[in-house]
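Participant: Quick one: this structure, given as structure tokens, is what I'll be asking you about.
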Amino acid sequence: MSGSTISLHRPFKDRSFGLVRKFLRINWLFVVCLCALAGVGYLALYSAAGGSTTPYANSQLIRFCVALVMMFVIAMVDIRSIAKAAWPSYALGILLLVVVMKFGHTGLGAKRWMSVGGVEIQPSELMKLFLILALAAYFHKASHERIGNLFFLLPALAVIALPVGLILKEPNLGTAVITAAIGATVMLGAGVRWWKFAIVIVVIGVAAPVLYHHLHDYQKARIITFLNPGSDPLGAGYNIIQSKIALGSGGFSGQGFLHGTQNQLNFLPEKQTDFVFTIIAEEFGFIGSIATLALLFMIVVIALYTAVRSENQFGRLVALGIATNFFLYCFVNLSMVMGLIPVGGVPLPLISYGGSALTAVMLGFGVLMSVHVHREAEFAVDEY
Amino acid sequence: MKRDSKNQTGFTRRALLIGTAQTAIFGAIGARLYKLQVDEHSKYQLLAEHNSISERLTAPERGVITDRFGIVLAGNQQHWRALFMAAQAPDPASVLDNFAKLVPLDDDERARITADISGRPGYIPVLLKDYLEWPEMAALEVNTPNLPGVIVEVGTSRVYPFGAGFAHPVGYVARPDVPEAKANNVLALPGMRVGRSGAEAANDDVLRGSPGYVQTETNVHGEVVRQVAHDNGIPGQTVALSLDVGMQNLAVQALGSQAGAAVVLDALTGEILAMASNPGFDPGLFDKGIPADVWKSWMADPMHPLQNKAIAGLFAPGSTFKPTVALAALKYGSLTPEKILTCNGSFQLGDHVFWCDNHIAHGSITMTTALQVSCDVFFYQVALGVGVDRIAEMAHTLGIGVNLQLDIPHAAPGLVPTIDWAAARGVHWAPGNTVVQGIGQGYTQVTPMALATMIARVATGVEVGPHMARRIDGNLQDGSDIGDWPALDVDDRHLAVVRQALFEVVNTPSGTAYGSRLELANMQMAGKTGTAQVHNNTAAEKQKNFNDATMAWADRPNGLFVGFAPYNAPRYAVAVIVEHGLFGAQVAAPIAKQLMTYALTNDPAGRDIPLTTRVSSVGAPS
């Protein structure tokens, strides 16, 4: 009983699909939303540079275009081939995490980055996608009875725990928590009972004070700052205060493009990355920020819709995981900007300046579009 | 398929639940945004307006200038100054009133401050007052609440530890003028200075550095609560000049109260070891402000203290020009080392008589003797024989009358006339003009630096160019090493015979500079004296046997000397001019002797290499 292998004997339901037809089957509303978000990002980065296409806006646009092409290419890959690559890519992700821990370079006190052919990559970003693929492959053929079996769930927990542990070691608390949450969501989608999650949450709640003592100082500082921003007004709390002022001073209709005082006067360091949303909120006001939020929400909705429409369990679980990954990016970043959760280096996907998160997200969207394009694909099933 | 549809139903239910939860969270984020941006907008708007983090640029520390051994020639000293960030004051005018009650401001300063406030971006503070006294500073600190936006901080000002004696080579700095500050915001920063002369001006770009910034948090009243962040910027780089403090001091002392200049070069590299120009001035005054009476006294001084005579003073070279004339004639064959010409004490050309110095008849002599005793009549004939254009060509080869590409501003190229030059100027060039060229009078004008370059090139046969910036930020500059310069385009045999004549000038009893021969074992100086008329340089004047002590100071001839040492392995070149000092042999050669004695004793050009073992490709005694 090889529970985790997938054999691919059965043909695609509609064999006559050529590349062109496949291409046309891409969800174009989704592509429009992506481009709209990239456009919002372009404006924000143009403003962040004080009204200049350099150094941020143009280079980010080029990255987006490259990533978009990559997404189209991946969308053409048969979802069954992707399923076949699930475990090898998971192994590669683990390997990259180990390599980055040993040889990666340190940024802001953490070893998260490595350089591949001049491109900076953050293996923990890729790992989230690979974990989704691996879990989807694991649960693809599982019956309800087996999902009810605790011993069937333990390997899946190990598959989640391994990368989460490595990411914690980097150390990157935020991404570790997000990775665990994505894994949990995929398990939930696969049919694992709600009460089992409840037990895990209670256990974590009890263990939290103990774990807190094992956190790094900067992680503790973030949590304390979050709980009481006034305690360190010029350190980490400074960002939260300035960020909230930027949001609040935007008002209903904003201070006008390139006229946000908080933005233009550089109250927020590195605002083009994690705090990019403050630029939109300050200069375009509530209208601008709610419109951006709506676009982000559309992405999540289309991803979930893709999950529901897929006729195979692998595609469903992958789409659900990718939707959740994107949702968590938005949730963590926006909550951070609004001072709702501790500050923690999570960019706003498609808008923030930087290539690593963008590449990882668009890679995921490529897989998502493959799920969509190949939604009627049938997997050969060994057992049921 | 049945299993899968069961899976599908279950999944759809769960996905919808997850989707609902995510939608709810998106809704919560939207609601939170509404609360922050619409409900609480006025609160945050107020905070943004009073947002008190402000950034201002700070001036970087100017780079230090040192001599070749690291002794500081231009450094920085700290003092207190008051700055004003007008944007932080609700009413800048009243703040200025309050400030003026504590620290007096005159009308000019007030006008300047008002102009600066309106003309600059907010992140550049405006200077209220430099060089605050301690009581003023204390008064400002106590009255901080009445002075929103006023900052008291430590600034630096330029100090010149060696003062007037180094003012010409090192130069001075001053505040940027209004157009400069307009063109470059960085220069508008209080504390920024611009090099105006000497090494300060020549190396201004590397000395300046890049500004830093200070972020401060101020409360609603504009008082600084605390510093948020700061960056000191990048201080200017250290510039080590080729000067040797000991040599320069000696040159200044040797000139004493006389007006004049003395230049010592490393004859193999062109490095300037000393460049004295007397009198000097206090270079620090340009930074702090020159009192009117001092400025007037400088302007009225007949010795022109602000002029760097070493590179901008133009003088007739007199007899120091004779080696150049000789080399030109040797090159074109109109003169050979063996050729004998006769001096009867005068030389007649048409109906005009040109006299030898003191009307002495030197008899039938060779070039060597003519240089040794400085016979004029010999060189009248040589000049006529070779012609003015060829003399000019050789002068240019040797560095006279050309732009020497000095790394010091305000240098004058000097002039050696040619037929073309005369034609362009509408000057009728008579043979008599060529005659006086032979003894360095007439239209020829040289700087002491050009003379030093000439004698260095004659001494080594290397086409060195004088320069003063030796190391910038520790990096040795091009041209500072032996071998960085090409060979001179002059026949080595001609150079050797001229060098030998110059040796005899100093080291034989009948030589004009015998009195200034070196008193060192195994090392001799070679050189040439010169006494150049300054007043109405006509041939008619020359026949007067001037009894100079009775002449007015400004009418007396200039005394000159050029030389090099050691004779058998030339390393140092010297040029000295004492303005209106009478005879070069009496006033200039003794200064050269002191400088050369110092140079050969201390060997600043190659302290790590013993002089006696240094190999020279040229200059073996014949």
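The values are calculated or read from the model by the stated rules, or taken from the named source; none is laboratory data. Because the structure is predicted, anything quoted here is derived from the model rather than measured. Cβ placement follows ideal geometry from the backbone for every residue including glycine, while neighbour counts extend to all protein chains displayed.
Participant: If B:Met299 satisfies every condition in (1) farther than 22 Å from B:Glu393 by Cα; (2) over 23 Å from the mean Cα position of the chain (by Cα) but one, which is the exception?
Facilitator: (2)
Participant: Of the residues B:Gln237, B:Gln227, which is of a type outside the set (Gly, Ala, Ser) and touching a Ser or Thr at 6+ places or on another chain (Cβ under 6 Å)?
Facilitator: B:Gln227
Participant: Could you tell me how many of the residues in segment B:255-267 are out of contact with any Pro (no Cβ under 8 Å at 6 or more places or on another chain), of a type outside the set (D, E, K, R) and under 15 Å from B:Met596 (Cα atoms)?
Facilitator: So the count comes out to 2.
Participant: Can you tell me which of A:Ile147, A:Ile160 is within 26 Å of A:Asn312 (Cβ to Cβ), without any contact (Cβ under 8 Å) to a residue 40 or more places away in the chain and surrounded by fewer than 22 Cβ atoms within 10 Å (Cβ to Cβ)?
Facilitator: Exactly one of A:Ile147, A:Ile160 is within 26 Å of A:Asn312 (Cβ to Cβ), without any contact (Cβ under 8 Å) to a residue 40 or more places away in the chain and surrounded by fewer than 22 Cβ atoms within 10 Å (Cβ to Cβ), namely A:Ile160.
Participant: Out of segment A:179-202, which residues are crowded, with 23+ Cβ neighbours inside 10 Å and more than 14 Å from chain B (Cβ to nearest Cβ)?
Facilitator: A:Thr179
Participant: Please go through (1) within 14 Å of the chain's Cα centre (by Cα); (2) among the small types (Gly, Ala, Ser); (3) assigned to a helix (DSSP H, G or I) for A:Ser352 and return the number of the only condition it doesn't satisfy.
Facilitator: Every condition holds for A:Ser352 apart from (3).
Participant: Which ones in segment B:267-305 are assigned to a loop (DSSP other than H, G, I, E, B), free of Cβ contacts under 8 Å to residues at least 40 places away in the same chain and aliphatic (A, V, I, L, M)?
Facilitator: B:Ile290
Participant: B:Trp295 versus (1) at pLDDT 95 or above; (2) more than 22 Å from B:Leu560 (Cα to Cα); (3) of a type outside the set (A, V, I, L, M): which is the lone unmet condition?
Facilitator: (1)
Participant: Can you say whether A:Ile302 is modelled with pLDDT of 95 or more, closer than 30 Å to A:Val367 by Cα and out of contact with any strand residue (DSSP E or B) (no Cβ under 8 Å at 6 or more places or on another chain), as far as the supplied structure shows?
Facilitator: So A:Ile302 fits the description; yes.
Participant: Would you call A:Val73 within 22 Å of the chain's Cα centre (by Cα), within 22 Å of A:Ser370 (Cβ to Cβ) and either modelled with pLDDT under 95 or in a helix (DSSP H, G or I) (or both)?
Facilitator: Yes.
Participant: Only one of A:Ala91, A:Ala44, A:Ala57 is among the hydrophobic types (A, V, I, L, M, F, W, C) and in contact (Cβ under 8 Å) with a residue 60 or more places away in the chain; which?
Facilitator: On inspection, the qualifying residue turns out to be A:Ala44.
Participant: Search segment B:404-425 for residues being among the β-branched types (Val, Ile, Thr) and closer than 18 Å to B:Val446 by Cβ, and hand back the single one that is surrounded by the fewest Cβ atoms within 10 Å (Cβ to Cβ).
Facilitator: Checking each candidate, the answer is B:Thr418.
Participant: Of everything in segment A:320-361 that's under 14 Å from A:Thr278 (Cβ atoms) and away from every other protein chain (no Cβ under 14 Å), which residue is modelled with the lowest pLDDT?
Facilitator: Among those that are under 14 Å from A:Thr278 (Cβ atoms) and away from every other protein chain (no Cβ under 14 Å), it is A:Val343.
Participant: Just checking, how many residues over segment B:440-478 are of a type in the set (D, E, K, R) and surrounded by 24 or more Cβ atoms within 10 Å (Cβ to Cβ)?
Facilitator: Final tally of qualifying residues: 1.
Participant: For segment B:158-177, state whether one or more residues are at pLDDT below 80, in a helix (DSSP H, G or I) and in contact with a strand residue (DSSP E or B) (Cβ under 9 Å, 6 or more places away or on another chain).
Facilitator: No, segment B:158-177 contains no residue that is at pLDDT below 80, in a helix (DSSP H, G or I) and in contact with a strand residue (DSSP E or B) (Cβ under 9 Å, 6 or more places away or on another chain).
Participant: Now for a different question. Just to be sure I understand, how many residues within segment B:117-157 are without any contact (Cβ under 8 Å) to a residue 12 or more places away in the chain and in a loop (DSSP other than H, G, I, E, B)?
Facilitator: So the count comes out to 1.
Participant: Have a look at A:Leu162, A:Leu168 and point out the one that is out of contact with any His (no Cβ under 6 Å at 6 or more places or on another chain), at pLDDT below 90 and part of a helix (DSSP H, G or I).
Facilitator: A:Leu168
Participant: Within 30 Å of B:Ile472 (Cβ to Cβ) and within 14 Å of chain A (Cβ to nearest Cβ), is that true of B:Leu47?
Facilitator: The answer is no for B:Leu47.
Participant: Does B:Lys309 satisfy being touching a strand residue (DSSP E or B) at 6+ places or on another chain (Cβ under 9 Å) and at pLDDT 95 or above?
Facilitator: yes
Participant: Restricting attention to segment A:128-158, which residues are of a type in the set (Lys, Arg) and not in a helix (DSSP H, G or I)?
Facilitator: A:Lys141
Participant: If you don't mind, there's one more thing I want to ask. Every residue in segment B:479-529 that is surrounded by 21 or more Cβ atoms within 10 Å (Cβ to Cβ), among the small types (Gly, Ala, Ser) and assigned to a loop (DSSP other than H, G, I, E, B), please.
Facilitator: Selection gives B:Gly511, B:Ala513.
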